[in-house]
Structure formats: structure tokens, C-alpha cells
Amino acid sequence: MLETFIIPLLQIAVLLNAVLVAVTFMVLMERKVMAWAQARLGPMRVGPHGILQAIVDPIKLILKEDITPVAADKWVFTVAPIMSLVPALVVFSVVPFGPDPLYYVADINVGLLFIVAVTSIGVYGIILGGWSSNSKYPLLASLRASAQLISYEIAVTMTLVSVILTSGTLSLVGIVEAQREAGVWFGFIQPVAFVLVFIGGLAETNRVPFDLPEAETELTGGFHTEYSGMRFALFFLAEYANIIVISAIVAIMFLGGWMRPFPNVEALAFLDLIPPWIWLIGKIFLFLYVFIWIRATLPRYRYDQLMRLGWKVLIPIAIGNLVITGIVKVLV
Amino acid sequence: MLEAAVFYTLAVLILGLGILVISARSAVHSVLFLVVNFLLVAILYVTLSAQFVAVIQVLVYAGGIVVLYLFVVMLVSLKRAPEQHADTRRLGVTGAVLAGAVLLEVIGIVVSGAARSDAPAGARGAGVPEAISDPMLNTEQIGWVLYTEYLIPFEVASMLLLVAMIGAIVLAKKNL
């Protein structure tokens, strides 16, 4: 009873709250880092250096009026934000924050495939949100978003296969253990895959330079133009939760997950004083910072450039990487 | 006991959603019910310890094929129910005959399966390696069987998909 129900339920409760709090602080971090990149101060009014802004923003969104457009399909309009948030949160159930079963909800045999499958459900929220608003800009944005998601999903999944070949397992815990046994992070064995998954992750989460579905100058907002109040906040949460998911996956697969740097060097054993989950969260935040850094630096792609990059550059490289990994695996 | 409760709950939900798929007024609602239906079927696979098949079900059907359905339905914009077919009666008869045939087949399988249930356990599961029943080895076992025993059917199926893909490109492109 305790092992099968209560502990997993507690884990899920801690995890959900941690993710949601992380999202609110990531929004603050994004505003602050962007501000520093542009030589501004960013939010400064609420709390010291604006740190309480992370609490005020969600309260504002909850208190705002929640409008449903008259011509909208009300049922689908309500379901769409839920369909985009739930998969983003479900994925965290297989993310291991440490070697011990206490640090993850489930270690399933098909972990990586599970993540790919569940995130592919998230596209419904975007398509239906745009369609059900019954408004032309959201519809255009949702068509763009889903075409982009589907194109880059192929490249990312294809690249993940070469990582699976290297590790010999689909379980995320197994992948980290394989890196410990290899004595080197997979980021060094599979540098091409590392870059590909990161670029694909940027595109799948609709981040700059692939943020065409939210190109304000052309689309007045994106697929969530007609949403307001808490329902808009759900889309927002889903988007940032997905960014955290991508960062976690990249950190686990290529940067050794919960392990300290150089896990096989004895001289650095004092680093083990820091618990494993802090290592993983630190690595995740490193990637979050890079996401924001890229947003502050790069301009947006044109739509045809985006599609050309996905289909004619990333997918061929992914296939080539897979073939080379296979050949090396057979020869070595 | 718990297993049976889960199975019957899922079965009722899956059948109910199936009925909703064909009876919903809006085509988009139908597609949505279909997605939920596929997700529940995936849970059914998990209860059978077929984790790999469950994930593939979500990935390919719920996450891939139905997205295409949704695109088609959205872009042709079926706000109203489509026009009634001129000859509803003949359609009804054809439907009833087809449904009856499927029902007979299912009953036949169940009855013949029940007749064989007193056969020795080894005879029933002939050709299926024992280790497949171990959920932790699921994916590995499917890979082994697929690339050894069923290599040729697997390759033929992939050729078929390749041909279909090239066919689609040829149809879509006016001048190659």
C-alpha cells in the first residue's frame, strides 16, 4: 500500500508543484536575462530586484476575466489548453532525478519512447486551440505550429535512435548508467546528435529562432490570440514545461543526468557532497539559460527557411548519424 | 480482481467513445473522441504487459495518424453534418450485413478458443518465445523476433511503405 500508492502520489505531488514553480521563476529569469542582454533592469518593483514578480504574475492571470469568443466551439475551446498542458506534465513521470527509486516516479523499459509518444499528443492542444477560436490568425498560427512540430519531430526522433544504439537501452535511468559505465558523457561520443536534438528542441518548443507560430508582427499573437486569463496561462505553462522537458532530456542523454562532472575521476569525489537532483536541476537551468540567450541573440527564420532546415538539413544529418553510429557499433 | 475491474472499465469507456466517434455531430469532435479512444486502448495494452506496443499505439495512431485526420477535417471545414446519402436504406443493409459477419467471426474465435483451452499450455502458445511475457524485456524481444524470424515480412512491409511514400510524392508534385 505504502510502496504502490502513497509514495508515488507524494512524488507526483512534489514533482507537479516543483515544475509549476520552476515555470513561474523561469518566466522571471527570462525577463531578467533578456533585460540584461539589452542593458535594461527588467522587473524591479515587486520585491527585491523584482523576485516576487514570479508570484504576482500568476495571481494576475488567475484574477483576469476569462473570455470565450461567441463564435468559438466552446467545448473544444475549453479542452485545448488542457490537452496541451497535461502531456507536458505527464512526461516528468519518467525523468530520473537520481539513481535511487525515490528520485523518479517510474523507470519504464520504454522510457525514451514514452516521452516521444506523450509529447506528440501535445500538438492537439495547439491545433485545436487555433481551430476552435474560429478566428483567422490563430488558425494560421496553429497550422504553422503543427507543421513545424511534425517536421522537427522526425529529425529529433531519428537522432534519439542513434543515442539508443550507443546506450543499448530505452530506459532513462539505464541511459545515465550507460554513461557511467562508458566513463564519458554521450555529449562527447555523439556531438552531432547533441546539437541536432538541441536545435530540434528549440523548434519543437516554438522558441526563437523558430518562433514563427508566435510571430507577433504577422499573427497578432499566435494560436492563443483569443485566449485570456487562466486558459491563456495554461498554454503558457505548457510551453515552458515543454522547454524544461527538452532541457531535462538533453541533460540526461548528453550531459550525464544526475552525475557530477567526470564521474570516473576520484580526485573530484568531493563534488558528490552535492545531491544528484541538484546536479540535474543545475544542468537543466544551464540549458534554460541557453534558450533565453538564443532568444536575446538571434533573429527569426523565414517560414521556407525553417522548413528547408528541417527537411533538407536536419533529417539527412540525422539519418547519416544513425548509419555511422550503426557501422561503428558493429565494428567496435 | 483488480485486473478484471480495470479491463471492464476500460472496455465500457472504449466502446462508449467508439459510439461517440460515429454519432458526434461535428467531425472535429469525432476526431477528438477517436484520440481518447486510442489512448484508452494503449492503457489496455499496458495492462497486458505490452508496454512497447502501447507506446507505439500512442506514437503512431494517437500522435501521428489522427493528426492527419484532424488536418483534413479542419481544412475542409465540415461545420454542418454532411449531406445525407441518397440511398440510406441500402447503406443500412450493407452495414448490418458487415457488422453481422464481424460478430460471427468474433463468436467463432471465442468458441474455438474455448474448445482449445483444455489443450496443453505449450500447444496453444506455439511459436511465441516464453520471454516475451517478461515486461522488462519486451522491446528487446520484439526486436529479436522482428529481425530474425519475421525478417522478410518486416522488410516487405517497409518496402510497401516506401512505395506508398513515393506514390504520394508523385501524386502531389506536378512537375518533378
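Each reported figure results from applying straightforward, stated rules to the coordinates on display, with no laboratory input. Here the structure is a predicted model, which means the values were calculated and not measured. Using ideal geometry, Cβ is built from the backbone for each residue, glycine included, and neighbour counts are taken over all protein chains shown.
Extending 7 Å from Cα along the Cβ direction at B:ILE22 and again at B:VAL46 yields two label points whose distance is 2.9 nm. Amide H contacts under 5 Å for A:THR205: none, restricted to partners 5 or more places along the chain or on a different chain, H placed in the peptide plane at 1.01 Å from N.
I need the calculated FRET efficiency for the pair A:ALA37 and B:VAL72, taking r as the beta carbon distance and R₀ as 41 Å, to the nearest 0.05.
Numbers: r = 43 Å, r/R0 = 1.05.
E(calc), rounded to 0.05, equals 0.45.
Peptides A:80-86, A:133-139 ranked from most to least packed give A:80-86, A:133-139, packing being the mean of other C-beta atoms within 10 angstrom over each peptide's residues.
Of the trypsin sites (Lys or Arg not before Pro) found in region A:237-332, the ones in coil according to DSSP and having at most 13 other Cβ atoms within 10 Å of their Cβ are A:ARG302. Debye-formula intensities of region B:1-78, expressed as log10 I(q)/I(0) at q = 0.13, 0.21, 0.22, 0.26 Å⁻¹, are -0.43, -0.92, -0.97, -1.15 (one equal scatterer per alpha-carbon, no solvent).
Working note: Karplus 6.51/-1.76/1.60 with θ = phi - 60° gives region A:103-108 the couplings 8, 9, 6, 8, 10, 9 Hz, where Gly and Pro are set to x. Once the Cα atoms are used to define both axes, helix A:276-297 deviates from the longest principal axis of chain A by about 50 degrees.
The mean count of C-beta atoms from other chains within 10 Å of the C-beta of residues in B:61-71, rounded to a whole number, is 4. Relative to the dominant Cα principal axis of chain A, helix A:74-90 is inclined by about 20°. Note on B:VAL6/A:ILE55: beta-carbon distance plugged into 1/(1 + (r/R0)^6) with R0 of 30 Å gives a FRET efficiency of 0.15.
Can you give the FRET efficiency to the nearest 0.05 for B:VAL111 and B:LYS174, using r as the Cβ-Cβ distance and R₀ = 45 Å? Present the calculation step by step, with values, prior to reporting the outcome.
Details: r = 55 Å, r/R0 = 1.21.
For R0 = 45 Å, the calculated efficiency reads 0.25.
The modelled label-to-label distance for the pair A:ASP100/A:LEU9, using points 7 Å beyond Cα in the direction of Cβ, is 2.3 nm.
Each Cα pair under 8 Å and six or more residues apart adds its sequence gap; the mean of these over the residue count of chain A is a relative contact order of 23 percent. Backbone phi angles across region A:242-248, fed through the Karplus curve with coefficients 6.51, -1.76 and 1.60 (θ = phi - 60°), yield HN-Hα couplings of 5, 4, 5, 4, 4, 4, 5 Hz in residue order; Gly and Pro are listed as x.
For chain A, the alpha carbon convex hull comes to 155 Å³ per residue, rounded to a whole number.
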